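What follows draws every value from the coordinates through simple rules; no lab data is involved. For clarity, every value in this text was computed on a predicted model and none was experimentally measured. Neighbour counts are summed over all protein chains in view; Cβ atoms, including those assigned to glycine, are modelled from backbone coordinates with ideal geometry.
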Amino acid sequence: MQPRFVMLLLFAGLFLAVCPARAELTWTQKTVELKADARTTVLEAKFHFTNSGKQAVDVRQIESDCGCTTAELEKRHYEPGASGDIVARYTVGNHVGLQTKTIAVSTSDREQPTLLTLAVQIPEVLRIAPPYVAWKHDEAARPKEISLELMQDTPIDEITVQSSNTGMRVAIQTLVKGRKYRLDITPAQTAQMAFATLTIHCRYGDEEKTFRAYATVKAPQIAEQ
């Protein structure tokens, strides 16, 4: 046997000894694109993966960058060849337009987390203008208006609104049934700071979507010394 060949065999054996079998998760896709419709409240996406290495892999942590997105996994330990799905659920809420959310998955086969992306396109269902009204300190406590206009084809069957603050009264006026409305918001006083979340419930058949607007009485300005 040639000395050079013997050296190559020795080097190969040493390489295998110091480089253990690698564990690795491979992903079918790391970005999922979804589109909501007017009635969508929650969207679900699956990120499929397989342990394509020769060692077991543990999923240590799954974190989302937004409270509107949750991610779940059936189990945390995957032997070589085993597959799984991270199921991400996105709550539409008041969001409109393109929403991009990131899910960080920490695993035993990588020092840095794998980043998964959920891209959701949400149509504008109810146009709220303006979404926020305010009164200055000691301003006359006259009503202020927020207009509501339906942007989808299917009309609203029922619409109601609730104020989180009893000192911030809200009344809803119908302009065009099923399509256009107006909120009249009146503070009980403007001498003290106050805040209210106005929760708007829209029902379409058996389904309901919730929107929010806001009203506040500002604090008095402090004169500069």
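Tell me which trypsin sites (Lys or Arg not before Pro) from segment 145-208 have a DSSP coil assignment and no more than 15 other beta carbons within 10 Å of their own. All intermediate terms of the calculation are to be shown ahead of the outcome.
Values: sites: Arg169, Lys177, Arg179, Lys180, Arg182, Arg203; in loops: Lys177, Arg179.
Sparse-neighbourhood loop trypsin sites (Lys or Arg not before Pro): Lys177, Arg179.
Run the helix sum for the chain: -39,500 (n - 2.57) per DSSP H stretch of 4+ residues, divided by residue count, reported at 222 nm to the nearest 500 deg cm²/dmol.
Working: 1 runs with 16 residues, N = 225.
Value at 222 nm, helices only, nearest 500: -2500 deg cm²/dmol.
Between Lys218 and Arg169, how many nm apart are label points set 7 Å from Cα along the C-beta direction?
Going from the Lys218 label point to the Arg169 one covers 2.5 nm.
Considering only Glu24, Glu72, Glu111, give the residue with the highest GNM mean-square fluctuation for the chain, with springs between Cα atoms whenever their separation is below 10 Å.
Glu111
Rounded to a whole number of µm²/s, how large is the Stokes-Einstein D of segment 126-217 at 25 °C and 0.890 mPa s, given Rh as the Kirkwood radius over C-alpha pairs?
Values: Rh = 13.5 Å.
It comes out at roughly 181 µm²/s.
Can you give me the angle between helix 3-18 and the longest principal axis of the chain, using Cα atoms only, in degrees from 0 to 90, rounded to the nearest 10?
So the inclination is approximately 30 degrees.
Would you please name the GluC sites (Glu not before Pro) within segment 115-202 that are DSSP coil residues with at most 16 other C-beta atoms within 10 Å of their C-beta?
On the way: sites: Glu124, Glu139, Glu145, Glu149, Glu158; in loops: Glu124, Glu139.
Passing both the DSSP loop test and the Cβ count: Glu124, Glu139.
Count the net charge of all other residues whose Cβ sits under 10 Å from the Cβ of Pro123, scoring Lys and Arg as +1 and Asp and Glu as -1.
Numbers: positive: Lys35; negative: Asp37, Glu124.
Value of the local net charge: -1.
Grab the other residues whose beta carbon is less than 15 angstrom from that of Val133, score K and R as +1, D and E as -1, and report the net. Please report the intermediate quantities before stating the final value.
On the way: positive: Lys136, Arg142, Lys144, Arg169, Arg182, Arg212, Lys218; negative: Glu139, Glu145, Asp184.
Once all neighbours under 15 Å are counted, the net charge is +4.
What residue among Leu175, Leu183, Leu116 shows peak mean-square fluctuation when the chain is described by a Gaussian network model with Cα springs under 10 Å?
Sorting by GNM fluctuation, first place goes to Leu175.
Starting from the amide H of Leu126, placed 1.01 Å from N in the peptide plane, find each other amide H under 5 Å away whose residue is 5 or more places distant or on another chain.
When sequence neighbours closer than 5 places are left aside, the close amide H contacts are Met151.
In the chain, with Lys and Arg counted as +1 and Asp and Glu as -1 at Cβ, which of these residues, Leu150, Ile86, Val59, has the Cα nearest the positive end of the dipole, that is, farthest along it?
So the residue we want is Leu150.
Could you give the Stokes-Einstein D for segment 23-122 in µm² per second, using the C-alpha Kirkwood radius, 37 °C, 0.692 mPa s?
Details: Rh = 14.0 Å.
In µm²/s, the coefficient is 234.
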